[in-house]
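A.B. asks: Structure provided below as structure tokens; questions to follow.
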Amino acid sequence: MPAQPAQSPVTVLGLGLMGSALAAALLKAGHPTTVWNRTAAKTGPLAAQGAIPADTARDAVEAAPLVIVCLTTNDGVRGLLEPEADALKGRTVVNLTNGTPAQARELASWAAAHGVAYVDGGIMAVPQMIATPGAYILYSGADATAFEAHRATLSALAAPKWVGEDPGLAALYDLSLLTGMYGMVMGVAQAYALIGSEGIAAREFAPLLRDWMAAMTDAVVPGTAEAVDAGRHLTDVSNLAMNRDAYPNFLQAYADQGLRGDLFAPFQGLLDRAVDEGYGADGLSRLVTLLKQG
Ligand code: NDP
């Protein structure tokens with residue numbers, strides 16, 4: 001009798017930069033891995049590593065009880081999965097495509113109506129970090145048992161972090177974490193543009209910027225959390241009235257140095273509103289409460 005594979009079979013749909021890294025990690029962990037991609041040529045490098053290329057998405061789905069999907073958007077996921085509903089019945093779909101909580105909940109409802117176990121995921125890593133210790137993946141879904149059944153397999157990709165049975169939660173955590181990252185990216189971009197406006201090399205400025213941002217992160221992230229959860233925003237550190245009055249200096253300096261200020265300009269409106277609404281003595285944590293619509 002031929003030896004049974006020690007690891008369970010897995011299918012990966014979508015072999016972009018991330019999907020290819022996921023499939024490679026599964027192969028490395030010894031999982032028989034079937035792969036499919038809309039542009040078939042992308043299966044080549046994975047086939048060379050031992051993956052089984054499928055001619056059609058349906059063939060790929062039928063090859064494994066666990067189907068991992070990683071496309072550009074959830075519109076693509078819906079378009080791909082809907083015609084395969086009957087083949088997906090009884091299997092588990094783990095969707096690692098970036099999306100919104102509402103999209104995840106919609107896909108979960110569609111899957112439940114078709115007898116498909118659906119787990120949504122958010123990858124907190126770039127492809128090069130897959131299967132390395134720094135990476136983790138957020139998961140959520142109504143069917144925690146389906147997730148648990150595949151936890152060991154999913155661990156080959158990155159450390160799994162289950163965040164709850166509302167299918168939208170993984171996307172909510174993911175987008176919240178990435179919101180912090182994009183804020184940082186905007187700050188870094190504007191800072192290098194400003195320092196560079198006088199010919200100072202970004203590399204020269206980088207150590208100062210990194211240390212400053214690390215110190216601010218250590219203070220602001222936990223400090224703001226405490227203030228927000230306690231509903232106590234009064235501060236003796238850096239109040240909104242002072243920040244409101246100092247902020248025009250930034251926008252003026254960007255203009256004086258020949259830079260665009262449109263990334264940072266809207267923040268002035270938020271500071272003005274905070275002070276106009278009577279929160280001038282509060283710290284920056286107050287802004288969290290002013291971001292709700294209505
Ligand atoms: P790529 O652009 O490298 O790959 C996109 C993949 O989606 C390709 O396989 C593409 O197929 C496929 N695709 C797009 N639209 C469709 C469709 N309508 N039907 C079928 N297949 C489709 O992107 P990544 O691999 O980098 O990203 C994939 C997902 O992972 C995204 O949601 C991204 O936000 C998320 N992610 C990416 C990270 C990264 O650092 N790269 C980090 C964390 C999350 P084809 O080859 O035929 O074009």
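A.B. asks: Using a 1.4 angstrom probe on the protein heavy atoms only, line up K161, K292 by accessible area, largest first.
C.D. replies: Final ranking, largest accessible area leading: K292, K161.
A.B. asks: Hey, if we sort M213, M124, M181 by accessible area with the 1.4 Å probe, largest down, what's the order? Please list the in-between numbers first.
C.D. replies: Values: M213 55, M124 35, M181 75 Å².
Reading off the accessible areas and sorting them downward yields M181, M213, M124.
A.B. asks: Using a 1.4 Å probe on the protein chains only, how many percent of the accessible area of segment 10-164 belongs to carbon and sulfur?
C.D. replies: 57
A.B. asks: Given 4 °C and 1.567 mPa s, how large is the Stokes-Einstein diffusion coefficient of segment 197-293 in µm²/s, with Rh as the Kirkwood radius over Cα pairs?
C.D. replies: Once the numbers are plugged in, D ends up at 86 µm²/s.
A.B. asks: Also, I was wondering about something else. Got a number for the accessible area of L17? Probe 1.4 Å, square angstrom, nearest 10.
C.D. replies: 150
A.B. asks: At 1.4 Å probe size, with every protein chain present, just tell me what the per residue accessible area of the chain comes to in Å². Can you show the working numbers first?
C.D. replies: Details: 15780 Å² over 294 residues.
Accessible surface, normalised per residue, equals 54 Å².
A.B. asks: Using alpha carbons only, how many degrees (0 to 90, rounded to 10) separate the axis of helix 144-154 from the longest principal axis of the chain?
C.D. replies: It is inclined by approximately 90 degrees.
A.B. asks: In square nanometres, what is one fourth of the surface area of the convex hull spanned by the alpha carbons of the chain?
C.D. replies: Quarter of the Cα hull surface area: 19.8 nm².
A.B. asks: Still on this structure, I have one more. What is the angle, in °, between the Cα long axis of helix 265-276 and the longest principal axis of the Cα atoms in the chain? Nearest 10 is fine, range 0 to 90.
C.D. replies: With rounding to tens, the tilt is 60 degrees.
A.B. asks: Now for a different question. Considering the dipole of the chain built from charges on the beta carbon (Lys and Arg +1, Asp and Glu -1) around the Cα centre, which of N249, A40, G122 is farthest to its positive end?
C.D. replies: A40
A.B. asks: Right, another one. Quote the relative contact order of segment 35-177 in percent (integer), defining contacts as alpha-carbon pairs under 8 Å separated by 6+ residues.
C.D. replies: About 19 percent, as a whole number.
A.B. asks: Next question, about the same structure. Give me the percent of the accessible area of segment 197-293 that comes from carbon and sulfur atoms, probe 1.4 Å, all protein chains in place.
C.D. replies: 57
A.B. asks: Nearest 5 is fine: what % of DSSP beta bridges in the chain come out antiparallel, could you say?
C.D. replies: Of all bridge pairs located within the chain, approximately 20 percent are antiparallel.
A.B. asks: Give me the angle, in degrees from 0 to 90, between the Cα long axis of helix 202-230 and the longest principal axis of the Cα atoms of the chain, rounded to the nearest 10.
C.D. replies: Its long axis makes an angle of about 90 degrees.
The values are calculated or read from the model by the stated rules, or taken from the named source; none is laboratory data. No experiment lies behind these values; they were computed from the predicted model shown. All Cβ positions, glycine included, derive from the backbone under ideal geometry; neighbour counts span all protein chains shown. When the accessible area is computed, the model is the full protein with side chains, heavy atoms only, and any ligands, DNA or RNA have been set aside. Shrake-Rupley method; radii C 1.70, N 1.55, O 1.52, S 1.80 Å.
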